Every structure is written in C-alpha cells, then in structure tokens.
Amino acid sequence: MQKGATASDREAQTALPARTVVGWQGVRFTLPPEWNVTAFSLDRDNGYVRVDSPGSGAMSVQVRWTDASKEVKGPPTPYYLLAPYFRRLLKRPPPPVTKTDLRQSLEKILKDAAKDAKKSHAVFDSQMKSEKTEGENGERSSISFTWTGAGRGQGKIWRCDTCNRVVVSQVIGLSKDHNAIGNVASQLFATFQDHTIDGYDLWALYDLQAAVPSTFRLTAHKLMSGHLQLVFMRGAERIIIDRWGLANVTLKKFKLDEWFLTNSAIKSANMVRTSTTAFGGHEFISFEGALPVSGRMAAVRDAKGSMRGLPTRYSGGVWHCAETNKLFSIQVFHSRKTEKLIENILERCKCH
C-alpha cells in the first residue's frame, strides 16, 4: 500500500477482489480474480491443469509438465524398474538426467497446433524467441513463443534443473484479445513456481489453499459445489482436507464439534477435545487420540498392504470461516514421529 494513502484509499484497496491462486501437483501460479480450475490430471510426473477466465471463459491458461528424470520411452524394462532400488542399496548417485531439447519439443507442439488450425480453415503463424536462462539461481532454460490461428496464444516452455521438470504453459484466447492475453501471461510467468520450496506443496483451487508435505501423493478427491475434498497418502499415513459450503445452514442445526464428529473419518467421540485460536482468529476445535486397531487395519488396507509409516494416532479438527460462509477440516492419520503434522498443515492453510 502506498505511503500516505487516505482511509478511503485503504478501504478501496482492501475491497479489491483477491487474485486467483492455483496450486496443483507441485506447480503454483497466480491469475486475475475469479478464474477457475476446470480440468486437471492426477499424475504428478506427467501432469496437466487448465484454468478458465470468468464468465464465458474466452481465455484459458493451460499448463503441462513432465518429469524428465522419469521419462520412459516404450514399456519399462525390468532393469528400469529395479535400477533405483540397487542404486539406493549400493549408495550410488542416480544417473544424470538427459537434457530435453526445448526447441525440438516446442516445434512439435506448434506443428500439432498448426494441424488443428488447418482443420478450422484458419491461417496459422508462430514465432519462437531465443533460448535464455532465467530463475533466481539460473536454474531454468526457457523459450518464449506466440502463435495465431483459430485464436491466439502466448506461452513459454522451460526446463528446470532443480526439479527436472519440463513445463509448457500458455495463455489462449480469441484473436482480438491480444493485450488481455499479454497481461495475463505476464502475471502467470512472474508468479510461476514449478517445485516446492520448503518441502510443502501448495494445493489451491476454488476458495481452498492448503499445503501438505511434498512426499504425500493425492489419491482421491471430490470436487462439488458444496463439498471439496482432497485425500493424500504417504505409505499408510493419510491426510484428509475438506471444505463445505453453506455453513450458516449447517450451524443452525448442529454445534460445530457435533457436526464434525458426525462427518469425521473415524468415530472420535472418545478422543481428547481441545479448542485453540487458529489463523484469522478462527476457533479450531480438534480431537486427538490413539487410533484403534480397526483404524490401523483400515489404514494398511487403504495403503494396499504398505506398513510404511503405520499410523497409530489420529488428529482431526474443524473451523468455521464466517467471511466465506464455509466449514474447513483437516484430519491426519499418523505415527508418533509425525505428531506435529496437523499443526504444520494448519499454519499453511488459508480460507479467505
């Protein structure tokens, strides 16, 4: 905020709609207000996410990424599957990652786009800039590009030496949206992160922002207007993050803790109840205790027999965000070694 701003100026700036923060499978970026995630993949190594502009959605941001260190050409051989195990056993470093030819990859992408334009009887034209180095530590090699055809696009392809990801990201819109596409692209690339910084991945879509350790993998999800749920697993450990709408209607019928006990993933009535003040001044009601034998067996079953990180404890809680009229909850099935996990997740959440 500018120094010397008046009270009315500060109020007007505070009232501005929040920008859209998107986080998915280790990538994160910021877009103008009210953009919405409309498509995504569950694959972390070879992923995709699409975000559309509000209203008619005439513009969209499309992001694709691959993990160059795990790229397999053809069916994986027994050697490919067993080699990482023997390298760990013999304490040998992984082989160097083959550098992706960015220009060759981009030429193939634009060639496919030209074929699509031809089907629409549109004249296709594209331009590629020279490859350059970028990033705070010079970890990226990138090529910017633009194209016109059945619409218009502005994007960038890059390879990150830190996470070995090759990312293709572009803003696509109508031919007349040249300036708008450029503005969105500037914001997209200025805020884009393709790997975790502090060991936690941001998961942000709609009005939920939460971060979980990057060693956990998304295994299930529900994306409905009234209920959003993300489930993560690491071995047999599990994290469940939920967001429910119309909190005012729910809280007319139930007390917050009663409603949570009814909807939690485990019967937690016999666990220790605590109440603390979480971020934003919200009351966080939590329940903690030993996981019963049935719960431990269910965790192993859900982990398809894996005993790694066998959970012996349960920590779960809920809070009401009046500003967004939503209920949020976090549930963690964990061992004593990771008993601070729910606190670390909670302090990284944002609901408004």
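Between the beta carbons of residue 70 and residue 336, assuming R0 = 35 Å, the FRET efficiency works out to 0.60 to the nearest 0.05. Taking label positions 7 Å along the Cα-Cβ direction at both residue 301 and residue 270, the computed distance is 1.9 nm, reported to one decimal. Listed as lacking a disulfide-compatible partner in the chain: 160, 163, 349, by the criterion of no other cysteine Cβ under 4.7 Å. Phi-derived couplings, Karplus 6.51 cos²θ - 1.76 cosθ + 1.60 at θ = phi - 60°, listed residue by residue for segment 196-213: 5, 9, 10, x, 10, 8, 7, 10, 9, 7, 6, 10, 10, 9, 9, 10, 10, x Hz, with x used for Gly and Pro. Shown in residue order for segment 337-347 are the 3J(HN,Hα) couplings computed by the Karplus curve 6.51 cos²θ - 1.76 cosθ + 1.60 at θ = phi - 60°: 5, 10, 5, 8, 4, 5, 5, 5, 6, 4, 6 Hz (x for Gly and Pro).
Simple rule: put +1 on each Lys or Arg Cβ and -1 on each Asp or Glu Cβ in the chain, find the dipole, and look at 199, 137, 31; the Cα lying farthest toward the positive end is 199.
Taking θ as phi - 60° and the Karplus parameters 6.51, -1.76 and 1.60, the scalar couplings of segment 244-251 work out to 10, x, 6, 4, 4, 5, 4, 6 Hz in sequence order, x denoting glycine and proline. The smallest convex shape that holds all Cα atoms of segment 86-218, its convex hull, gives 174 Å³ per residue. Rg and Dmax over the alpha-carbon atoms of the chain stand at 23.2, 68 Å.
Put in order of Cβ neighbour count within 10 Å, fewest first, the listed residues 131, 237 become 131, 237. On the beta carbon distance between residue 344 and residue 253, with R0 = 45 Å, the FRET formula returns roughly 0.85. By the rule of a C-alpha distance below 20 Å, with chain neighbours fewer than 8 residues away ignored, the lysines paired with residue 99 are 70, 73, 108, 129, 132, 156. The stretch between residue 136 and residue 246 holds 35.3 nm of extra length on full extension. This uses 0.36 nm per residue minus the Cα-Cα distance. Of all aspartates and glutamates in the structure, those lying under 20 Å Cα to Cα from residue 267, and not within fewer than 8 positions of it along the same chain, are 237, 242, 257, 258, 288, 302, 339. Once the chain from residue 193 to residue 34 is taken as fully extended at 0.36 nm per residue, the excess over their C-alpha distance is 55.2 nm.
Would you list the membrane-span-like helices of the chain, meaning whole DSSP H runs whose alpha-carbon atoms span at least 24 Å along their axis and whose mean Kyte-Doolittle value is at least -1.0? Present the calculation step by step, with values, prior to reporting the outcome.
On the way: long enough: 102-119 (26 Å, -0.97).
Span-like helices here: 102-119.
Centroid-to-centroid, using Cα positions, segment 25-69 and segment 140-173 are 13 Å apart. In this Cβ point-charge picture (+1 for Lys and Arg, -1 for Asp and Glu), segment 200-346 has a dipole of about 540 debye about its Cα centre.
The relative contact order of the chain, computed from alpha carbon pairs under 8 Å that lie at least 6 residues apart in sequence, is 13 percent.
Springs join every pair of Cα atoms under 10 Å in this Gaussian network model of the chain, and among 217, 19, 165 the largest mean-square fluctuation is at 19.
Summarising the label geometry, the points placed 7 Å from Cα in the beta-carbon direction at residue 162 and residue 111 lie 3.3 nm from one another.
Past 20 Å, Cα to Cα: identify those pairs from 222/326; 255/326; 222/337, in the order given. Beyond 20 Å between Cα atoms: 222/337.
Amide H to amide H under 5 Å from residue 201: which residues, 5+ apart in sequence or cross-chain, H placed 1.01 Å off N in plane? Placed amide hydrogens put 212, 214 under 5 Å from residue 201.
Structure remark: mean-square fluctuation, Gaussian network model of the chain, C-alpha springs under 10 Å; the largest value among 107, 136, 283 belongs to 136.
Distances between placed amide hydrogens fall under 5 Å for residue 278 paired with 283, 284, all partners being 5 or more residues away or on another chain.
Every number in this text was worked out from the coordinates using simple rules, so none of it is lab data. The shown structure was predicted, so the numbers you read here are calculated from the model rather than taken from an experiment. Counting neighbours? That spans all protein chains shown, and the Cβs are built from the backbone with ideal geometry, glycine included.
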